[in-house]
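Notes for the one structure printed next.
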Amino acid sequence: MPGRRGPDLLHRWEGNPIITLEDIPFRCNTVFNGSSVKIGDEYLILLRVEGQQGYSFFALARGDDGYHFDVDPEPVLLPEKNGPFAKYETRGLEDPRITLIDGVYYILYSVASSYGTRIAIAKTHDFQRYERIAIISEPGNKDGVLFPEKIKGRYARLDRPLGSYNVGCIWISYSDDLIHWGHHEPVIMPRSGYWDADRIGASVPPIKTEKGWLEIYHGFKMTASGPIYRMGAVLLDLDDPAKVIARSDDAILSPREKYERIGDVNNVVFACGAIVEPNNEVKIYYGGADTCLCVATVNIDRLIEVIIEV
Ligand code: BMA
């Protein structure tokens, strides 16, 4: 909406936060980042929950309006204790991102262990049963998001390998089978002096629009009291998403409210999922200060206009 007042382009829901520790029916330390899907009229959010041991796993929240949710009584995906994946999951499962392709919900997430952080892929048809498929990156990589369709015949993903000098930037890779990935190429870099100066990563799985792939990403700038995590947006070419068409100069959401400022990690807004409604409103689900889940909205055409007009 032209003329919207206030520092942030996104509009925070007045009832934020939408999920806090009090909403979790089992004992845990904190709940934060989550990825969303809408199936018919039902909204589901796969949540990152951190247990009292200190590692994370996933729980499922359900609702019928996108704002009010109930969390299932038990976690839905825990680190494996046995089997081929176990040794890569000893420090937990983090930051799920859901993408629907041909009726299957694929979940990219980070697995953490003393070997480092890697990206894993699992699938589900119903959010009741989950099947691990493979671990699909080397250590030092996270923030994997899968495109919702093949591009020139291959699956595509964005991810965030930590390159030299510990600088994280967003890369693209391609695969024929979702398991073996290659043709890696950097796509989006941090920008010196900007809000996303020191590290960036993909946040929401790319959303197809007429103007290009919309990628809502996160970035941080280091300050004397630690990083400030903000949200931004870019448009990538539909046929060749390694090409950036346009990028917002400004962050679209910055931590300002108390629930974004103060928590287990201060000054964080961190999205893992979004839903585009039939009226073109995008609901973006994001963790606040690693201590709660929140939602903010924006009209998708307005968002694209802002990215392009820079
Ligand atoms: C990132 C991820 C997120 C987290 C953020 C802020 O590296 O681990 O899950 O929300 O840091 O702590």
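The values are calculated or read from the model by the stated rules, or taken from the named source; none is laboratory data. All values derive from a computational prediction rather than experimental measurement. When we count neighbours, we look across all protein chains shown, and the Cβ atoms used for this are built from the backbone with ideal geometry, even at glycine. In case anyone asks, the SASA skips ligands and DNA or RNA and just uses the protein heavy atoms, side chains included. Shrake-Rupley method; radii C 1.70, N 1.55, O 1.52, S 1.80 Å.
For the chain, what proportion of DSSP beta bridges, expressed in % and rounded to the nearest 5, is antiparallel?
Details: 96 of 99 bridges.
Taking every DSSP beta bridge within the chain, about 95 percent pair in antiparallel fashion.
Of all lysines in the structure, the ones whose alpha carbon falls short of 30 Å from that of residue 38, not counting any fewer than 8 places away in one chain, are 123, 142, 150, 152, 208, 211, 243, 258, 283.
A DSSP coil position with no more than 13 other Cβ atoms inside 10 Å describes the following chymotrypsin sites (Phe, Trp or Tyr not before Pro) in the range 5-63: 26. When trypsin sites (Lys or Arg not before Pro) are flagged only if DSSP places them in a loop and at most 10 other Cβ atoms lie within 10 Å, the longest unflagged stretch of the chain comes out as 153-310.
Tell me, what is the per residue accessible area of the range 118-162 in Å², probe radius 1.4 Å?
Values: 1860 Å² over 45 residues.
Counting only protein heavy atoms, the per-residue value for the range 118-162 is 41 Å².
Modelled label positions at residue 166 and residue 26, each set 7 Å beyond Cα in the direction of Cβ, lie 3.4 nm from each other. Surface composition of the chain: carbon plus sulfur atoms hold 48% of the accessible area, using a 1.4 angstrom probe and ignoring ligands, DNA and RNA. The GluC sites (Glu not before Pro) of the range 188-257 that DSSP puts in a loop, and whose beta carbon has at most 10 other beta carbons within 10 Å, are 210.
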